[in-house]
């Protein structure tokens with residue numbers, strides 16, 4: 001570990017900003033408060049800007065969207081007590097979806113009495129509160145520990161399976177001065193790869209299969225080219241989890257896309273004699289609980305050893321980085337002799353496309369218009385709404401990894417808009433489109449003001465079914481009295497205009513593509529309000 005031989009006297013806030021800058025951080029998301037002002041005061045000196053959201057939960061989701069779309073660590077800075085706990089839900093979502101988000105907050109002073117004394121924002125044990133939603137929750141005890149704690153957090157987040165972390169700095173240390181050496185970032189470790197014998201055994205097993213299916217998850221984000229090469233070698237169809245959507249461009253002849261909850265997906269798994277799964281938990285949140293029976297030959301690649309045994313045990317477990325492990329697997333496969341006639345997947349692809357469009361029927365007119373015009377590099381930031389998981393996941397066609405940002409697993413509401421803000425901040429030239437339901441939009445409506453103030457050309461599509469549509473349907477399916485789910489929608493475009501955005505009521509769904517293209521060129525967000533025609537909407541309005 002390299003250190004500066006001539007440390008200078010600096011405050012805790014300056015040490016923190018220097019450490020973040022050394023790790024490539026130039027943007028954080030957060031809200032200044034009484035106890036973190038020493039952190040904000042040090043930002044300018046280190047070229048770090050803060051994107052101010054209207055709520056700390058929004059800051060957490062924005063950092064998540066920044067990290068998912070860019071592959072970099074997303075950083076959140078809040079104040080003590082409620083500031084930190086407001087961000088806890090976002091950290092839980094990041095943990096569920098393996099996203100590297102670092103929350104930094106002040107805590108009570110180092111000499112604070114254990115029984116408390118009524119300090120502003122006082123919390124019994126803030127570090128312990130956050131420990132339940134992150135991989136590592138750490139409270140430093142001295143100025144000297146700040147640079148080391150940052151370096152350790154980034155090292156953990158950059159190796160193996162990414163998870164969020166929490167770093168607490170006692171508020172008396174933020175303005176305290178000390179001569180503390182910088183700590184250089186730890187050199188990244190070489191990618192983990194399986195043993196040669198394991199690779200050879202898996203290659204032999206896959207080569208003996210007559211019908212192979214590839215499943216790519218979010219852990220395959222760095223392995224798009226290798227996934228395509230293996231699929232083309234075997235002429236094998238590829239399906240993806242929600243977080244893996246776009247790993248193989250969805251216009252590729254072998255790409256069947258996403259939407260594992262649709263019956264065609266588990267049915268396909270049960271029709272093949274071998275499966276290669278890459279970087280996926282095979283989570284219930286993707287299959288909606290409808291687990292298929294996996295074939296005896298089941299090769300699984302994951303960088304997380306526990307992930308190799310999650311939900312379904314494989315016949316061949318390959319612990320390693322997705323891209324490097326697939327590369328070694330390709331090298332171990334026998335060379336093809338001459339040009340072979342590829343098995344046609346046209347019929348299978350068409351059958352899956354029909355099933356996906358049936359799932360998205362209520363929104364399909366508007367999605368077709370989007371598919372016709374969206375640039376290949378587009379990122380979709382979607383909320384946990386039916387228009388997303390039953391609609392956009394199977395039906396919107398995407399073309400690269402990290403292009404579909406969605407809160408799987410933890411399943412929060414209100415994610416889409418702030419995640420879209422984070423993605424747009426991470427890459428201002430990339431087209432980013434937000435997809436929201438009306439219920440979830442009201443969780444984060446204030447972030448429209450944050451997006452407008454930042455001058456982000458974000459199309460924000462709100463599909464309005466009149467309330468909490470999924471829960472309405474579940475109540476109805478149970479035979480329960482339907483109540484507490486029908487909500488009176490505000491005039492969303494008018495609210496948007498009041499917050500400095502553009503607002504559009506869209507009556508013709510086939511015009512959505514054109515409207516979104518115009519919104520992408522705007523100097524501020526554009527809220528596009530679409531009245532949904534679905535089972536939930538009909539039930540809500542009856």
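Would you pick out the residues in segment 101-150 that are under 14 Å from residue 173 (Cβ atoms) and assigned to a loop (DSSP other than H, G, I, E, B)?
Residues satisfying the conditions are 108, 109, 110, 111, 112, 140, 141, 142, 143, 144.
Condition first: free of Cβ contacts under 8 Å to residues at least 40 places away in the same chain and closer than 23 Å to residue 158 by Cβ. Now tell me which residues in segment 308-332 satisfy that.
308, 310
Which of the residues that make up segment 72-95 are surrounded by fewer than 24 Cβ atoms within 10 Å (Cβ to Cβ) and assigned to a helix (DSSP H, G or I)?
Residues satisfying the conditions are 82, 85, 86, 88, 89, 92, 95.
Checking residue 286 against (1) under 20 Å from residue 408 (Cα atoms); (2) in contact with a helix residue (DSSP H, G or I) (Cβ under 7 Å, 6 or more places away or on another chain); (3) in the same structural domain as residue 272 (by TED's automatic domain parsing), only one condition comes out false. Which one?
That leaves (2) as the condition not met.
Take segment 165-196 and flag every residue that is assigned to a loop (DSSP other than H, G, I, E, B) and within 30 Å of the chain's Cα centre (by Cα).
Result: 184, 185, 186, 187, 188, 189, 190, 191, 192, 193, 194.
Sort out which residues of segment 41-71 are farther than 19 Å from residue 406 by Cβ and in a loop (DSSP other than H, G, I, E, B), and write them in order of number.
42, 43, 47, 48, 53, 54, 55
Of the residues in segment 208-221, how many are crowded, with 18+ Cβ neighbours inside 10 Å and assigned to a loop (DSSP other than H, G, I, E, B)?
3
Could you go through segment 125-134 and let me know if any residue there is in contact (Cβ under 8 Å) with a residue 60 or more places away in the chain and either in contact with a strand residue (DSSP E or B) (Cβ under 6 Å, 6 or more places away or on another chain) or surrounded by fewer than 16 Cβ atoms within 10 Å (Cβ to Cβ) (or both).
Looking through segment 125-134, none of the residues is in contact (Cβ under 8 Å) with a residue 60 or more places away in the chain and either in contact with a strand residue (DSSP E or B) (Cβ under 6 Å, 6 or more places away or on another chain) or surrounded by fewer than 16 Cβ atoms within 10 Å (Cβ to Cβ) (or both).
Is there a residue being modelled with pLDDT under 95 and under 23 Å from residue 25 (Cβ atoms) anywhere in segment 200-218?
no
Quick one: which of 120, 173 is touching a residue at least 12 places away in the same chain (Cβ under 8 Å), over 19 Å from residue 304 (Cβ atoms), out of contact with any strand residue (DSSP E or B) (no Cβ under 7 Å at 6 or more places or on another chain) and surrounded by fewer than 18 Cβ atoms within 10 Å (Cβ to Cβ)?
Of the residues listed, the single one that is touching a residue at least 12 places away in the same chain (Cβ under 8 Å), over 19 Å from residue 304 (Cβ atoms), out of contact with any strand residue (DSSP E or B) (no Cβ under 7 Å at 6 or more places or on another chain) and surrounded by fewer than 18 Cβ atoms within 10 Å (Cβ to Cβ) is 120.
In this structure, is residue 305 assigned to a loop (DSSP other than H, G, I, E, B), touching a residue at least 40 places away in the same chain (Cβ under 8 Å) and either under 19 Å from residue 353 (Cα atoms) or in contact with a strand residue (DSSP E or B) (Cβ under 9 Å, 6 or more places away or on another chain) (or both)?
No; evaluated as a whole, the condition is false for this residue.
Quick one: would you say residue 289 is buried (at least 23 other Cβ atoms within 10 Å of the Cβ) and either in a loop (DSSP other than H, G, I, E, B) or modelled with pLDDT of 95 or more (or both)?
Spelling it out, it is not the case that residue 289 is buried (at least 23 other Cβ atoms within 10 Å of the Cβ) and either in a loop (DSSP other than H, G, I, E, B) or modelled with pLDDT of 95 or more (or both).
Looking for something in contact with a helix residue (DSSP H, G or I) (Cβ under 9 Å, 6 or more places away or on another chain), assigned to a helix (DSSP H, G or I), outside the structural domain of residue 376 (by TED's automatic domain parsing) and farther than 16 Å from residue 323 by Cβ - is there at least one such residue anywhere in segment 253-262?
no
The values are calculated or read from the model by the stated rules, or taken from the named source; none is laboratory data. Computed from a predicted structure; not experimentally measured. Quick reminder, even Gly has a Cβ in these numbers, built from the backbone with ideal geometry, and neighbours come from all protein chains shown.
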